[in-house]
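Values in this text are rule-based calculations from the coordinates and carry no lab data. Everything numeric here is computed off the predicted structure, so don't read it as measured data. We place every Cβ from the backbone using ideal geometry, glycine too, and count neighbours over all the protein chains shown.
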Amino acid sequence: MNLSNLKPAEGSTKQRKRVGRGQGSGKGGTSTRGHKGAKARSGYSKKVGFEGGQMPLQRRVPKFGFNNINRKEFKGINLDTLQKLAESKNVTSITFELLMDNGLCSKNDKIKVLGRGELKAKLDVKVHAYSETAKKAIEANGGSANIL
């Protein structure tokens, strides 16, 4: 085998369909577009969502609500998760980096500690936000709840 006899595998390539090149080709005349109508004309493009004149779905369905562009999206982590983490890793200080290393959040998340579960360990927690119950629970054990 050399460069002069290389060719693609059998059946891997197809010939391009050449339309409008005379009747003998079998694809002359209407060039596979059928007879008349908008789809037979040049420059035809159907509008997105067009349903043949019927009222389109995106106009039939009522709209409601709005998206607040100033919303801050937090990833919630509960006290019982922090307790488990403190026991398994034997740590006294919970930071954003520690949560990230243990797969509890990603680098772009904002973390909010929530109050589900029971906290027994004395922890120094540094994250973006706290619920009131979570903050009370952390400080009741002698820990501190600092905001990043």
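Among the residues in the stretch 43-62, are any closer than 30 Å to Gly143 by Cβ and either touching a residue at least 24 places away in the same chain (Cβ under 8 Å) or over 33 Å from the mean Cα position of the chain (by Cα) (or both)?
Initially, the stretch 43-62 is screened for residues closer than 30 Å to Gly143 by Cβ, giving none.
No: the stretch 43-62 contains no residue that is closer than 30 Å to Gly143 by Cβ and either touching a residue at least 24 places away in the same chain (Cβ under 8 Å) or over 33 Å from the mean Cα position of the chain (by Cα) (or both).
Is it the case that the stretch 131-143 has a residue that's touching a strand residue (DSSP E or B) at 6+ places or on another chain (Cβ under 9 Å), surrounded by fewer than 17 Cβ atoms within 10 Å (Cβ to Cβ) and either of a type in the set (A, V, I, L, M) or farther than 16 Å from Asp80 by Cα (or both)? The answer is no; no qualifying residue exists.
Each residue in the stretch 68-92 was checked for being part of a loop (DSSP other than H, G, I, E, B) and either of a type outside the set (D, E, K, R) or closer than 18 Å to Thr133 by Cβ (or both), and 6 pass. Which one of Gly34, Gly29 is exposed (fewer than 13 other Cβ atoms within 10 Å of the Cβ) and either among the polar types (S, T, N, Q) or part of a loop (DSSP other than H, G, I, E, B) (or both)? Result of the check over Gly34, Gly29: Gly34. On the given criteria, is Gly65 within 30 Å of Val113 (Cβ to Cβ) and part of a loop (DSSP other than H, G, I, E, B)? Considered against the rule, which asks whether it is within 30 Å of Val113 (Cβ to Cβ) and part of a loop (DSSP other than H, G, I, E, B), Gly65 comes out as yes. Glu139 falls short on exactly one of the conditions (1) part of a helix (DSSP H, G or I); (2) closer than 21 Å to Glu73 by Cα; (3) more than 26 Å from the chain's Cα centre (by Cα), and that condition is (2). Just the residues that are surrounded by 10 or more Cβ atoms within 10 Å (Cβ to Cβ) and in a loop (DSSP other than H, G, I, E, B), please, taken from the stretch 51-62. Residue satisfying the conditions is Pro56 alone.
Against the numbered list (1) touching a Ser or Thr at 6+ places or on another chain (Cβ under 9 Å); (2) in a strand (DSSP E or B), Met100 comes up short only at (2).
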